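Report on the following structure.
No value in this document is a laboratory result; all are computed from the given coordinates. Everything numeric in this text was worked out from a predicted model, so none of it was measured. FYI the Cβ positions are ideal-geometry reconstructions off the backbone, even for glycines, and counts take in every protein chain you see.
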Amino acid sequence: MKMFKLIEDVPSAYKKGTKFFLISHSEFIGVKSYVLLAEDLKGKIEVTEDELRSKFVTIH
């Protein structure tokens, strides 16, 4: 399962360093979206491919 780490704060939601699991991805008319679940299992966020690349780093 892929894990990602947030590299910048998301206002009023998550702080830098929060870890997320990739639980779903989809593509509609060339736009990819990803659903990430916080490591503490308290919330999910949906991000686009551009947001995933700019705000997250992959953890192996």
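Can you pull the one-decimal nm distance between simple spin-label points at Ser24 and Glu51, each 7 Å off the Cα toward Cβ?
1.5 nm
Where does the chain land at 222 nm, in deg cm²/dmol rounded to the nearest 500, when only DSSP H runs of n ≥ 4 count, each adding -39500 (n - 2.57), divided by all residues?
-3000 deg cm²/dmol, from helical runs alone.
Taking the chain, which GluC sites (Glu not before Pro) meet the DSSP loop condition and have no more than 16 other C-beta atoms within 10 Å?
Glu8, Glu39
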